[in-house]
1. Looking only at the range 112-125, decide whether some residue is under 23 Å from residue 330 (Cα atoms), touching a residue at least 40 places away in the same chain (Cβ under 8 Å) and assigned to a strand (DSSP E or B).
2. Restricting attention to the range 252-275, which residues are assigned to a loop (DSSP other than H, G, I, E, B) and either more than 30 Å from residue 331 (Cβ to Cβ) or at pLDDT 95 or above (or both)?
3. Among the residues of the range 63-77, is there at least one that is open to solvent by less than 30 Å² (accessible area, probe 1.4 Å), within 25 Å of residue 279 (Cα to Cα), touching a residue at least 24 places away in the same chain (Cβ under 8 Å) and among the hydroxyl-bearing types (Ser, Thr, Tyr)?
4. Could you check how many residues of the range 380-403 are aliphatic (A, V, I, L, M) and free of Cβ contacts under 8 Å to residues at least 40 places away in the same chain?
5. Say we look at the range 387-403 and pick out the residues that are of a type outside the set (Lys, Arg) and in contact with a helix residue (DSSP H, G or I) (Cβ under 6 Å, 6 or more places away or on another chain); which of these is modelled with the lowest pLDDT?
6. Can you report the number of residues in the range 81-120 which are surrounded by fewer than 16 Cβ atoms within 10 Å (Cβ to Cβ) and not basic (Lys, Arg)?
7. Out of all the residues in the range 203-228, which are among the hydrophobic types (A, V, I, L, M, F, W, C) and at pLDDT 95 or above?
8. Go through the residues of the range 320-338 one by one and say whether even a single one is out of contact with any Asp or Glu (no Cβ under 8 Å at 6 or more places or on another chain), of a type outside the set (D, E, K, R) and within 27 Å of residue 169 (Cα to Cα).
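The values are calculated or read from the model by the stated rules, or taken from the named source; none is laboratory data. Every value quoted in this text rests on a predicted model; they were computed, and no experiment measured them. Methodologically, a virtual Cβ is constructed for each residue, glycine included, from the backbone with ideal geometry; neighbour enumeration extends over all protein chains shown. Protein only, heavy atoms only, side chains kept; ligands, DNA and RNA dropped before computing areas. Shrake-Rupley method; radii C 1.70, N 1.55, O 1.52, S 1.80 Å.
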Amino acid sequence: MSKSKIVILGAGYGGLRTLRKLQQSNIDAEIVLVNKNDYHHETTWLHEAAAGTIEPEKLMYSIDKVVNKSKTTFIQDTVEKINKDEKTVTLTTKGEIAYDYLLIALGSEAETFGISGLKEYAHTITSVDSVKKIRAHIEAQFAKWKSEQRDELLTIIVGGAGFTGIEFLGELTNRIPELVKTYDVPREKVRIVCLEAAPRVLPQFDEKLVSYGVGVLEDRGVEFKVGKPVKEANADGVKYAESENDVREIKAATIIWAAGVRGNSVIEASGFEAGRGRVKVNNNLTVPNNEEILIVGDCSLIINPNNERPYPPTAQIALQQADIAAKNLIKLVNGQSDLEDFVYHEKGTVCSIGDNDAIGVVMGKPLKGYPASVMKKVIDDRALLMLGGAGVLASKGKFQFYK
């Protein structure tokens, strides 16, 4: 009798953590990992590379550092479609591969909410390639200012004041002094505007923490326009609603869109019942009517019983889901039906605002400034250890607590 075959799609936080747990077990199954790149990247560090405060290589490491070749086959390819009825996955190069059990951990894509021009004119912080382009684009605008002296070249608009937007603003404002010096431009000509449609910045934090974080960024020159939704992006900048009947325009050469994510488009292409690329999974992370498929991370939707709202797609949740997914895959392979339900345990949330500054809540305690910054680095290092092990932590870890 042949072994059961487990196929894992995606080598992000959820996919790699599940793989690592399966490899550490004595599961008698064939394991296949599919990922479009031969590396894993720390998604929660992308904003740093986009601003240019770290090199892209810092947030990447080879999947080979995690894959145990005696237990797992790695296929570098792009997933096009999941064929649920046939229990196969269609890949761009390899064609179809079969599975007995499937773990979907494909990650997210930027959500533009149908706003005109965003796909054409805005940059998103979604991949290593995208952040390389953002860094190069910003530097090119600063370089052009000396000869063209158009103010919009030094105007940067950030759409969204959630985690990604705020963390990018923190790193960007730390980078500005270097850019000003390198390209010999007046600091007063640099304009950074953050547009947020919602009435509050970072609503998951209390107002005192948010006020501190916003104050730090405003002191560094960021203009916040909260409750002012972007209506359109174009080649010259953006149009936004100052009020219901008052649409205004800001001319800018750089637009960064950081106002939301959706699940992977493969979900809809595969015929799953989903909203914005996220499938409402059973409590044990299996797909209704397709219990041989489990979903973790950005493509899964689980309701928080405390507020009847979906859990946000975070790395912390993906890692915790992965531990349960691995346990349940082992049970499925062994013919057990008593699958374990996922229960989220909040360990804390920290939002960096650059260098040695941050805001957050850890174990129910609010933190700000340097202590929060240290905790952020500890959280990042813990994720490295959970996925890549001690070797990856030693080479990629954030051990410099003062920059």
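1. First, pick out the residues of the range 112-125 that are under 23 Å from residue 330 (Cα atoms): none.
No, there is no match, as no residue in the range 112-125 is under 23 Å from residue 330 (Cα atoms), touching a residue at least 40 places away in the same chain (Cβ under 8 Å) and assigned to a strand (DSSP E or B).
2. Kept after step one, since they are assigned to a loop (DSSP other than H, G, I, E, B), are these residues of the range 252-275: 252-253, 258-260, 264, 270-273.
Passing the criteria: 252, 253, 258, 259, 260, 264, 270, 271, 272.
3. No: the range 63-77 contains no residue that is open to solvent by less than 30 Å² (accessible area, probe 1.4 Å), within 25 Å of residue 279 (Cα to Cα), touching a residue at least 24 places away in the same chain (Cβ under 8 Å) and among the hydroxyl-bearing types (Ser, Thr, Tyr).
4. Filtering the range 380-403 for residues aliphatic (A, V, I, L, M) gives 383-387, 390, 392-394.
From the residues that got through so far, the ones that are free of Cβ contacts under 8 Å to residues at least 40 places away in the same chain too are 385, 390, 393-394.
Matching residues across the range 380-403 total 4.
5. Within the range 387-403, the subset of a type outside the set (Lys, Arg) is 387-395, 397, 399-402.
From what is left, the residues that are in contact with a helix residue (DSSP H, G or I) (Cβ under 6 Å, 6 or more places away or on another chain) are 387-388, 392-393, 397, 401.
Working: 387: 93, 388: 93, 392: 94, 393: 93, 397: 92, 401: 63.
This residue is 401.
6. The first filter runs over the range 81-120 and keeps only residues surrounded by fewer than 16 Cβ atoms within 10 Å (Cβ to Cβ), leaving 81, 83, 85-86, 92-96, 98, 113-114, 116, 119-120.
Filter once more, keeping what is not basic (Lys, Arg): 83, 85-86, 92-93, 95-96, 98, 113-114, 116, 120.
Summing the residues that are surrounded by fewer than 16 Cβ atoms within 10 Å (Cβ to Cβ) and not basic (Lys, Arg) in the range 81-120 gives 12.
7. Filtering the range 203-228 for residues among the hydrophobic types (A, V, I, L, M, F, W, C) gives 205, 209-210, 214, 216-217, 222, 224, 226.
Once the filter is applied, which keeps residues that are among the hydrophobic types (A, V, I, L, M, F, W, C) and at pLDDT 95 or above, the range 203-228 yields 209, 210, 214, 216, 217, 222, 224, 226.
8. No; the residues of the range 320-338 include none that is out of contact with any Asp or Glu (no Cβ under 8 Å at 6 or more places or on another chain), of a type outside the set (D, E, K, R) and within 27 Å of residue 169 (Cα to Cα).
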